[in-house]
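All remarks here apply to the structure that follows.
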Amino acid sequence: MLIENKLSKYLIYAVGEIILVVIGILIALQINNNNNFKEQRKSEQEYLMSLQIEFKSNLDKLNVAIDDNIVRINALENLLTLFDISVLDSVSNKSISLMIHPVFGSELSYKPSLGVVSDIISSGKLNIILNKNLRKKLASFESSLDYLKIQEEEANNIKQRLKSILFKELSIRTIQKDLGRQFENHSISDSVNNKRIFNSVELENHLLDLLLVTKAANDSRFLGGLKEDIEYILKKIESELEK
């Protein structure tokens, strides 16, 4: 009986020691997990701040692109009214030059900065972003630009076809003079009346085509949709940084 009592006490003691060891291990693991989580959270915060800077810049660029398109749309709509002879007769050549310039002054283009988001994705660190919805938006952002590129290419192809028509009949020199540029010498194109280009049905068709494509570029499928995505991303980033 003495032996049995000693054995029972020993077993109880041994089990107690094992429990204490297990508890110690669990506490150590918990501390380690907490440290890992804090380290991961710190890295996430650093990435979030970099993403915030990048996407704020992207939003600014996007707003400029949208505003440029609005100017281009207004110019195209004004040019299309000139195929009405009564409207054309009431407009000066200088006014026509001012309408034409925004259409061809710049390309329909939006090129956002993708350095930070590309680095996160390519390095396999996207999972460091804890917010699932934000992670999903970041992962799909670059691919959403592919649809916009198709629209940009279509618009710029139309512009090239327009230029080929206009260069045959239009005096670019006259447009430049109307915009304030001075030339030392006279030219044969000084006598060209740019109003004559508005007798071309082909030109009207291309202008209308470009108008429709440019309007579409600003809607929810392209630039408008990208703006919603960027604003959503920035909102989620701000929310995560405040935690």
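Each value in this text was obtained by applying a stated rule to the coordinates, not by laboratory testing. Computed from a predicted structure; not experimentally measured. Note: ideal-geometry Cβ built from the backbone for every residue, glycine included; neighbour counts use all protein chains shown.
Of the DSSP H helices in the chain, those with a Cα length along their own long axis of 20 Å or more and a mean Kyte-Doolittle hydropathy reaching 0.5 comprise 201-218. When the listed pairs Lys111/Lys159; Lys61/Lys137; Lys125/Lys215; Lys137/Lys159 are checked against a 30 Å cut-off, the alpha-carbon distance exceeds it for Lys125/Lys215; Lys137/Lys159. Sparse packing (at most 15 other Cβ atoms within 10 Å of the Cβ) combined with a DSSP loop state is found for the following GluC sites (Glu not before Pro) in segment 147-243: Glu184, Glu242.
Among Ser86, Ser43, sorting on how many other beta-carbon atoms sit within 10 Å of each Cβ, with the fewest leading, yields Ser86, Ser43. Taking the inverse of the mean reciprocal distance over all distinct Cα pairs, the Kirkwood hydrodynamic radius of the chain comes to 23.3 Å. For the chain, averaging the sequence separation of C-alpha pairs within contact (under 8 Å, six or more residues apart) and dividing by the residue count gives a relative contact order of 30 percent.
Calculated FRET efficiency, Ser187 and Ser122, Cβ-Cβ r, R0 41 Å, to nearest 0.05? Walk me through the numbers on the way to the answer.
On the way: r = 54 Å, r/R0 = 1.31.
E between Ser187 and Ser122, to the nearest 0.05, is 0.15.
Shown for Val71, Val116: other C-beta atoms within 10 Å of each C-beta, ranked fewest to most, produce the order Val71, Val116. Radius of gyration (Cα atoms) of segment 195-243, expressed as a multiple of 2.2 N^0.38 Å: 2.03.
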